Amino acid sequence: MDTMKAGIILEPGRAEVREISRPEPGPGEVLVRLEACALCTLEQRAFTGIKKFPMPYLGGHEVAGRIEKTGPGVDPRWTPGLKVAVRTITRCGQCRYCHLGEDTMCERIGNAGRQHPEVEGIGGLAEYFLASPGMLYVLDEKVLPEIGALTEPLACVLHSMEQAGVDFGDIVVVLGAGIMGQLHLMLSRLRGASVIMVETDPVRLSDAQKLGAWQTIDPSRENVADRVRELTGGDGADVVIVTPAISALVEQSVQMVAKNGRVVLYGSFHPDTPVCLSPNKIHYSQIHLTGAVNPGSRDFYRAARMISQGSIDLSGFVQGIHSLDQIQEAFEDATGNAKYRVVVRMNTAVGS
């Protein structure tokens, strides 16, 4: 049996490369030779133990690569060598939500079984990934692997932007200037909105200014809700987007949003602490409070096109590249140095 390398978390704080079986495409399946995998917050939480996963665990879902081979019955458009991003989260196509076109709510998301029989996990931190053609999105040949791997996070934010309904002339408050916050800033700017970025890290606030933030607020120095109301003539923001995993920010968001405004809870919350909200505040102000989870197929398609066409520049978000053989160092870099994204390149020669 052919084998391949995989970067596996053995226990919190410890990862190593192991050999596992290489999958073979069956009827209707495509084998992708992965070139890059970005270490999302999900994988980082698995490594640090903040979120509990079955161990050993093979994560990785922000991936890009090339088609290696196809199984019987695959449309010939999916030719070996084609550069693709992979939407690793599958959808069943049969449940109520898939039939409604809401495939981010598919009842089978996260329950499709193991990618690799030997180990739990999504499976993107390996040299090969088995996919259906519906999971593949074509990337232009000029797109670097580490940028192609950012298709998934960009798609996630595109979905969030649809939930937020950001429009021309809106004032948008983005809480948190990590990669997801900065992507919300960039996309809001593309939609003609003005953005107030809220963040304690001065470097990330400076980055936000360079990306076109209208105003920046350091919450350790001033009351955010008061400052937002001051900047908006007392009205509040049209949209507030919460990206950090801090439940208390939900209460703060409702305080600073305008009447008929939208609050989007973008990220998951750890720990999932209950919050105190005034039902009448939401009722009388017609505040729209919603979440945003998983990118849909339309989001992924648009993200791949934006990256391929060069309509958005993501190069500044890749702040560390490691080979798969350096998986321990890659996780330590991602979890210990406050970087936007650390990317694992599957080839040993990182610079190639």
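The values are calculated or read from the model by the stated rules, or taken from the named source; none is laboratory data. Treat the numbers as computed from the prediction; the structure is a model and nothing was measured. Neighbour counts are summed over all protein chains in view; Cβ atoms, including those assigned to glycine, are modelled from backbone coordinates with ideal geometry. These accessible areas exclude ligands, DNA and RNA; they are computed on the full protein's heavy atoms, side chains included. Shrake-Rupley method; radii C 1.70, N 1.55, O 1.52, S 1.80 Å.
Of note:
- In the range 255-268, of all residues being out of contact with any Gly (no Cβ under 7 Å at 6 or more places or on another chain) and more than 19 Å from A177 (Cα to Cα), the one that is most open to solvent (accessible area, probe 1.4 Å) corresponds to K259.
- Flag for R91 being assigned to a helix (DSSP H, G or I) and closer than 21 Å to V293 by Cα: no
- The set of residues in the range 73-89 that are among the basic types (K, R) and open to solvent by 40 Å² or more (accessible area, probe 1.4 Å) contains only R77.
- Looking only at residues in the range 297-311 that are at negative phi and open to solvent by 40 Å² or more (accessible area, probe 1.4 Å), the one that is modelled with the lowest pLDDT is R298.
- Any hit, the range 241-248, residues being over 21 Å from H159 (Cα atoms), touching a residue at least 12 places away in the same chain (Cβ under 8 Å) and surrounded by 17 or more Cβ atoms within 10 Å (Cβ to Cβ): no
- The condition (being assigned to a strand (DSSP E or B), under 20 Å from P153 (Cα atoms) and in contact with an Asp or Glu (Cβ under 8 Å, 6 or more places away or on another chain)) is satisfied by just one residue among V17, V63, V84: V63.
- Close pairs (7 angstrom Cβ cut-off, 6 or more residues apart or separate chains): within 17 Å of A338 (Cβ to Cβ) in the range 197-218, of a type in the set (S, T, Y) and open to solvent by 50 Å² or more (accessible area, probe 1.4 Å) anywhere: T200/S220; D218/T200
Residue by residue, here is whether (1) on the phi < 0 side of the Ramachandran plot; (2) of a type in the set (D, E, K, R); (3) in contact with a strand residue (DSSP E or B) (Cβ under 8 Å, 6 or more places away or on another chain); (4) open to solvent by 70 Å² or more (accessible area, probe 1.4 Å) holds:
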position: R91; (1), (2), (3), (4): yes, yes, no, yes
position: G121; (1), (2), (3), (4): no, no, yes, no
position: Y128; (1), (2), (3), (4): yes, no, yes, no
position: V138; (1), (2), (3), (4): yes, no, yes, yes
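- Residue count, the range 317-338 (criterion: outside any helix (DSSP H, G or I) and more than 18 Å from I50 (Cα to Cα)): 6
- Looking across the range 1-28 at every residue that is surrounded by fewer than 20 Cβ atoms within 10 Å (Cβ to Cβ) and touching a Gly at 6+ places or on another chain (Cβ under 6 Å), the one that is farthest from P76 (Cα to Cα) is identified as P12.
- Unmet requirement for N294, which otherwise passes all of (1) of a type outside the set (A, V, I, L, M); (2) closer than 25 Å to E162 by Cα; (3) open to solvent by 70 Å² or more (accessible area, probe 1.4 Å); (4) in a loop (DSSP other than H, G, I, E, B): (3)
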